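**Q** After the structure tokens below, expect a handful of questions from me.
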Amino acid sequence: MHLKTTLSVLAIAAVATMAQDKAYSGAELYTLDEFTYGKYEARMKMAAASGTVSSMFLYQNGSEIADGRPWVEVDIEVLGKNPSSFQSNIITGKAGAQKTSEKHHAVNPAADQAFHTYGLEWTPNYVRWTVDGVEVRKTEGGQVNDLKGTQGLRFNLWSSESAAWVGQFDESKLPLFQFINWVKAYKYTPGQGPNGSDFTLDWSDNFENFDGSRWGKGDWTFEGNRVDLTDKNIYSRNGMLILALTRKGQENFNGQVPQDAAGDAEFNGQGQNPQSSSSEQFNPPSSSSQENNPFVSSSSSADPTSILPTRVKLQNKEIRGTVNAKGARVNPNNKANYQVDFNF
């Protein structure tokens, strides 16, 4: 069993509070609704600098609560120290006993140098990751069987304090921006989609305007994150959704929005992108999470307790109420139920 690094995509925090007046500001965008199965595509140019995480992921709100409920999550993460690849992952189990399956996949041109179309397919039988319509990973059975219930679609940009995972933070690279040209969400309709496919378009958003009935903006932080997530670092400009990572007090975007003519054409059904249901397999140079994850030793599968024998505890700061790692307010009297123990 491989343990995902200390604190990824907001998912491994115990109890979080709202803004803690940290020195830096990041961003998280999330759908207000959750879904059971489907396909999700996003056309993005990711942010990348050592010490940062730029992501797209599916997550079941409340997974981090340590009351026996299941953990349900599927990830795409660009780790700032190596934007020429992204990390895929499934997280199941439960808080304090997570099961993970990280793999790394080449992206060319690098994720921070060009727009790519990233895809996640979640069905009862498999989870599939694609880049520009080409399959880079498909997982069947195993953890897939434990992805029960619903998940929401999320994007975030933040900075982990784990230099071993994402690299040493370099604040001279700020500000950083993750650009999302568009998002498409498909319902899982086996055999009933176009040309007998298994997915039917449910909704799409090219961010000509920000749709507050569909999207929420994160306003919280969590242990191991050096930034406060704030709605001030999410903008809709010139048909592009922008997530920013900045110094505190400098939440702004004064740059030029990059152009993505190929992505615009793809959104309108005019692109030359391969079919996203293609079974063509792309073999990256290395897909071994054991080789790429500094928290996994050669013996970690046999002895998972050697990975991270620490207990995460939040700084006890009450600011505008107590919330969990995904921003939902919780009863302060039940804080003990929200602690995540990594001694497993």
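The values are calculated or read from the model by the stated rules, or taken from the named source; none is laboratory data. Worth saying up front: this structure is predicted, and the values here are computed from it rather than measured. Methodologically, a virtual Cβ is constructed for each residue, glycine included, from the backbone with ideal geometry; neighbour enumeration extends over all protein chains shown. Note: areas computed on protein heavy atoms with side chains; ligands, DNA, RNA excluded. Shrake-Rupley method; radii C 1.70, N 1.55, O 1.52, S 1.80 Å.
**Q** Using amide H atoms built in the peptide plane, which far-off residues or other-chain residues are under 5 Å from S85 H to H?
**A** Counting only residues 5 or more places away or on other chains, the set is V107, A111.
**Q** Could you state how much accessible area K94 has, in square angstrom rounded to the nearest 10, with a 1.4 Å probe and all protein chains kept in place?
**A** Spelled out: K94, probe radius 1.4 Å, area about 100 Å².
**Q** May I ask you to give the solvent-accessible area per residue for the range 159-222, in square angstrom, as obtained with a 1.4 angstrom probe?
**A** Result: 45 Å² per residue.
**Q** Go through W158, W203 and list them by solvent-accessible area, largest first, probe radius 1.4 Å.
**A** Result of the area sort, largest leading: W203, W158.
**Q** So which aspartates and glutamates pass the test for K81, namely a Cα distance under 12 Å, with those fewer than 8 places away in the same chain ruled out?
**A** Of all the aspartates and glutamates, those that pass the test against K81 - Cα under 12 Å, at least 8 places apart if same chain - are D112, D170.
**Q** Count the net charge of all other residues whose Cβ sits under 11 Å from the Cβ of E121, scoring Lys and Arg as +1 and Asp and Glu as -1.
**A** Computed value for this residue: +1.
**Q** Whenever you get a sec, compute what percent of the accessible area on the range 82-227 sits on carbon and sulfur atoms (1.4 Å probe).
**A** 43 percent
**Q** Still on this model: Rounded, prolate or oblate: which fits the range 107-164 when a ≥ b ≥ c are the square roots of the eigenvalues of the alpha-carbon gyration tensor, with rounded for a/c under 1.5 and prolate only if a/b beats b/c?
**A** oblate
**Q** Taking 22 Å as the cut-off for C-alpha to C-alpha distance, list the pairs among K39/K103; K45/K103; K184/K248; K99/K187; K94/K248; K103/K138 that go past it.
**A** From the list (K39/K103; K45/K103; K184/K248; K99/K187; K94/K248; K103/K138), the Cα-Cα distance tops 22 Å for K184/K248; K99/K187; K94/K248.
**Q** If you don't mind, there's one more thing I want to ask. Suppose each label sits 7 Å from its Cα in the direction of the beta carbon; what would the R69-T189 distance come out to in nanometres?
**A** Once both label points are built, they end up 3.1 nm from each other.
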